[in-house]
Amino acid sequence: MLTNVSLPATAYEEVTVGATAVGLSAANYLVAERAVIRVLTNAVNVRRDGGVPTAASGLNYAADVTFTVYGQSDMANFRAVQVAGGATLCVTYEGKMR
């Protein structure tokens with residue numbers, strides 16, 4: 001697992017999270033090794049196993065928390081949903097190791 005290894009940024013997006021689970025953009029994660037995600041506003045529940053989180057289930061991340069999703073499979077399976085109010089995720093995709 002890559003943790004403190006510096007990789008070049010390949011893309012950036014802001015994802016609006018509401019009551020319906022949303023994922024990451026394939027065009028961005030297909031050219032990345034990992035996604036560094038900051039929860040900008042309001043808590044979210046996430047899943048990376050292909051399941052769909054709900055407001056009551058999933059791994060909870062509070063506002064102003066940063067976490068990393070590694071690998072294209074987990075990025076493809078990533079889904080987030082709001083816990084209470086709408087949320088925004090700031091996502092920086094970082095490049096593949098060559």
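The values are calculated or read from the model by the stated rules, or taken from the named source; none is laboratory data. All values reported here derive from a predicted model rather than from experimental measurement. Methodologically, a virtual Cβ is constructed for each residue, glycine included, from the backbone with ideal geometry; neighbour enumeration extends over all protein chains shown.
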**Item:** First in region 8-24 and touching a residue at least 60 places away in the same chain (Cβ under 8 Å), second anywhere and in a loop (DSSP other than H, G, I, E, B) and of a type in the set (Phe, Trp, Tyr), Cβ under 7 Å, 6 or more apart
**Value:** LEU24/PHE78
**Prompt:** Which members of region 52-70 meet the condition of being among the hydrophobic types (A, V, I, L, M, F, W, C), closer than 17 Å to CYS90 by Cα and outside any loop (DSSP other than H, G, I, E, B)?
**Reply:** PHE67, VAL69
**Request:** Kindly check whether there is at least one residue in region 78-93 that is in a helix (DSSP H, G or I) and not aromatic (Phe, Trp, Tyr).
**Result:** no
**Prompt:** Is it the case that region 82-93 has a residue that's among the aliphatic types (A, V, I, L, M), surrounded by 21 or more Cβ atoms within 10 Å (Cβ to Cβ), farther than 19 Å from ALA9 by Cα and at pLDDT 95 or above?
**Reply:** yes
